[in-house]
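The values are calculated or read from the model by the stated rules, or taken from the named source; none is laboratory data. Please read all numbers here as calculations on a predicted model, not as lab measurements. Methodologically, a virtual Cβ is constructed for each residue, glycine included, from the backbone with ideal geometry; neighbour enumeration extends over all protein chains shown. Note: areas computed on protein heavy atoms with side chains; ligands, DNA, RNA excluded. Shrake-Rupley method; radii C 1.70, N 1.55, O 1.52, S 1.80 Å.
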Amino acid sequence: MTKEEIYNWIAKDLVESFETDPARISPDARLYEDLDIDSIDAVDLIVKLKQVTGKRLQPEAFKSVRTINDVVEAVYQLIQH
């Protein structure tokens, strides 16, 4: 899975699952401040990422995530191992 594929999947999921306005989604969009993703939504996103990648994203790795691009990087690093 490439970074672009990860980004596209996350963007699509934000629109479908969290009813995020597609115009608000960009690599630099902040999850909590710009997209109104709360901690419960973040857990839901982690669960879905596990289903897509087949790998468990460690919660501590997700604590430093602030933007969509941060999520893409964390997932990309996870699937490289």
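Tabulated data
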read-out	value
Enumeration of residues in region 31-43 that are open to solvent by less than 70 Å² (accessible area, probe 1.4 Å) and acidic (Asp, Glu)	ASP34, ASP41
Subset of region 30-81 (residues that are under 17 Å from PHE18 (Cβ atoms) and polar (S, T, N, Q))	SER39, GLN51, THR67
All helices (runs of 4 or more DSSP H) inside region 5-81 with 1 or more residues being among the β-branched types (Val, Ile, Thr) and touching a residue at least 40 places away in the same chain (Cβ under 8 Å)	39-53, 68-80
